[in-house]
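Notes follow once the structure below has been shown.
Quick note: the coordinates plus some simple rules give every number you see, no bench work behind them. For clarity, every value in this text was computed on a predicted model and none was experimentally measured. No Cβ is skipped: glycine too gets one built from the backbone with ideal geometry, and neighbour counts run over all protein chains shown.
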Amino acid sequence: MTVTSVRTELYSQVQHFYAHQMQALDGGRFEDYAATFTEDGTFQHSPGAEPAVGRAGIVAELVRFHERFADDPVQRRHWFNHIALEEQADGSIRSTVYALVVTVRPGGVPVIAPSCVVHDVLEASGDGVLLRSRLVTHDQLS
Ligand code: SDN
């Protein structure tokens, strides 16, 4: 297997982007998370659901999803690893990432689920990185 290398600067730019983006999500800052997508970006976090479209649509979907935790002092953290980047002919970047969701409640032990693969299409420029689309697949459903 031949792996085409990407510039170290691009790779670290994407890692930095993911760190801020996912800390926004886990901190409940859904507007900040949605602002990491392009204006017309799409987001599907679970198979079967309609993709959320646009930043307002992404915020609405995250608010809806998190209603289940309204009376639950849970902390969720999304851990990314094995970030594989491929530059596309149109200048976008395909990014395939492993993601584990770690859930913990006060005094409890961390539970790791679901185990996911994140399929992203990114736009990177000197100004920064934006996400055009994100599709998350769940390993237990494959
Ligand atoms: O933004 C993500 C997510 C995500 O938002 C998820 C949500 O619930 C809201 C980036 C990478 C991975 C994910 C994974 C999930 C899991 C999903 C469903 C669940 O936790 O049961």
CD proxy at 222 nm, helix term only [per DSSP H run n ≥ 4: -39500 (n - 2.57); per residue of the chain; nearest 500]: -8000 deg cm²/dmol
For helix 8-26, what angle does its Cα long axis make with the longest principal axis of the chain, in degrees from 0 to 90 and rounded to 10? 20
In what order do ILE83, ILE93, ILE112 fall by count of nearby beta-carbon atoms within 10 Å, going from fewest to most? ILE112, ILE83, ILE93
Residues of the stretch 127-142 with the amide nitrogen closer than 19 Å to a label point 7 Å from the Cα of TRP79, along Cα-to-Cβ, please. 137-140
Round to a whole angstrom and tell me the spacing of the C-alpha centers of the stretch 1-56 and the stretch 92-106. 10
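For the stretch 1-126, compute Rh as the Kirkwood radius over C-alpha pairs and then the Stokes-Einstein diffusion coefficient at 10 °C and 1.306 mPa s; write the answer in µm²/s, rounded to an integer.
100
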Helix axis angle, 54-66 relative to the chain longest principal axis, alpha carbon, degrees: 30
